[in-house]
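A short write-up of the structure that comes next.
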Amino acid sequence: MATVLIPVPARDSDPSEVAVSWSVLTAAGHTVRFATPEGKQATCDELMVTGEGLDLWGRVPGLKKLVAIGRVLRADSAAQDAHRALLADPAWQSPSRWDEAELEDGLLLPGGHRARGMREYLESPVLQGLVVDAFRRDLPVAAICHGVLLAARSVDPETELSVLHGRKTTALTWGLERTAWRVARRTRFWDPDYYRTYLEEPGQPEGYMSVQQEVTRALAAPADFLDTTDKLQAGGRARDRAGDERPAFVVEDGKYVSARWPGDAHTFARRFSALLP
């Protein structure tokens, strides 16, 4: 069985993408090790765990726990169960530091979107170096959602190109990112850009700083970014389950596996697990 490294930010990683991936891999007999900036236990995005704070009344103490939109956007029951189990795992409780983390048999890059925690992760030269090393060694690498953006930003100094240049990939699509952003701008009006890690600068067209567009700019050709037209997969409502891959859209290119959002997490992790020694 393999040993997989999952680096995460100190806070605000997506609980579904982290916990479901961990659950699938460990159930298959693999060992998962985590790494954080300072080697301290991380905290996933609590809004995505509970859904509290995603409704119009989300700042009202007596009403906060009544979730409506939050029920749709938060982790589903399977992911919540996986997250509770993850919190008790010694590997989660005692991570290594990013700059001390070691690659063994595989690397998995989860996502998240909240800027306060994710930017450190996405902009880390240390993590970008780990990604470059993994691709150079031809290790299995998996990236989901904003994790694909970390891979896209990982430039091999020998080629001066992203490690994803010449590969097929998917990531959080602009359609999914824009829909969640527009909903949250209305319901979480006191924090309207909660769903955007990076916003466009003056003069940039809408979506220029979206995950899809930045990842696409790192690829050899725009057509190398793949999306789905299947209504179930593209709808952003249905999520895959342990025994149901139909809602998921996952792309495999050699030993590289990518996916879009938490709704792909079970299938994403299973496909990655199958590549591990």
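Residue by residue, here is whether (1) more than 18 Å from Gly111 (Cβ to Cβ); (2) of a type in the set (Ser, Thr, Tyr); (3) at pLDDT below 95; (4) in contact with a Phe, Trp or Tyr (Cβ under 6 Å, 6 or more places away or on another chain) holds:
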site	(1), (2), (3), (4)
Gly147	no, no, no, no
Val155	yes, no, no, no
Gly166	yes, no, no, no
Leu176	no, no, no, yes
Asp230	yes, no, no, no
Restricting region 229-253 to residues that are touching a Leu at 6+ places or on another chain (Cβ under 9 Å), assigned to a loop (DSSP other than H, G, I, E, B) and not aliphatic (A, V, I, L, M), which is nearest to Leu150 (Cα to Cα)? Phe249
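Can you name the residue in region 136-188 that is among the small types (Gly, Ala, Ser) and in a strand (DSSP E or B) and, of all such residues, is surrounded by the fewest Cβ atoms within 10 Å (Cβ to Cβ)? Before you say what the answer is, go through the steps one by one.
If we filter region 136-188 for residues that are among the small types (Gly, Ala, Ser), which is where we start, we get 142-143, 147, 151-152, 154, 162, 166, 171, 175, 180, 184.
Subset that is in a strand (DSSP E or B): 142-143, 162.
Numbers: Ala142: 30, Ala143: 30, Ser162: 23.
Across region 136-188, the extreme among qualifying residues is Ser162.
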Here is a check on your reading of the model: is Arg119 under 30 Å from Ala238 (Cα atoms), touching a residue at least 12 places away in the same chain (Cβ under 8 Å) and in contact with a Gly (Cβ under 6 Å, 6 or more places away or on another chain)? no
Looking at (1) touching a residue at least 60 places away in the same chain (Cβ under 8 Å); (2) crowded, with 24+ Cβ neighbours inside 10 Å; (3) over 22 Å from Gly166 (Cβ atoms); (4) not charged (D, E, K, R), which is the only condition Leu276 fails? (2)
For region 235-253, name all the residues that are in contact (Cβ under 8 Å) with a residue 60 or more places away in the chain and surrounded by 12 or more Cβ atoms within 10 Å (Cβ to Cβ). Gly236, Arg239, Arg241, Ala242, Phe249, Val250, Val251, Asp253
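Here is a list: Ala223, Ala234, Ala184, Ala238. Which entry is more than 19 Å from Arg153 (Cβ to Cβ), of a type outside the set (Ser, Thr, Tyr) and at pLDDT below 95?
Values: Ala223 fails: at pLDDT below 95; Ala234 fails: at pLDDT below 95; Ala238 fails: at pLDDT below 95.
On inspection, the qualifying residue turns out to be Ala184.
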Take residues that are touching a residue at least 12 places away in the same chain (Cβ under 8 Å) and over 23 Å from Arg116 (Cα atoms) and tell me which of the helices (runs of 4 or more DSSP H) falling wholly in region 18-89 contain 2 or more. 77-87
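Table: residues versus (1) at pLDDT 95 or above; (2) on the phi < 0 side of the Ramachandran plot.
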site: Val24; (1), (2): yes, yes
site: Gly29; (1), (2): yes, no
site: Ala35; (1), (2): yes, yes
site: Lys40; (1), (2): yes, yes
site: Gly62; (1), (2): no, yes
List pairs: first residue in region 129-144 and within 18 Å of Arg271 (Cβ to Cβ) and modelled with pLDDT of 95 or more, second residue crowded, with 22+ Cβ neighbours inside 10 Å and of a type in the set (Ser, Thr, Tyr) anywhere in the structure, Cβ distance under 6 angstrom, at least six positions apart or on different chains. Val141/Tyr256; Ala143/Ser258
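The values are calculated or read from the model by the stated rules, or taken from the named source; none is laboratory data. Predicted, not measured: the structure shown is a model, and the values here were computed from it. Cβ: placed from backbone, ideal geometry, glycine included. Neighbour counts: every protein chain shown.
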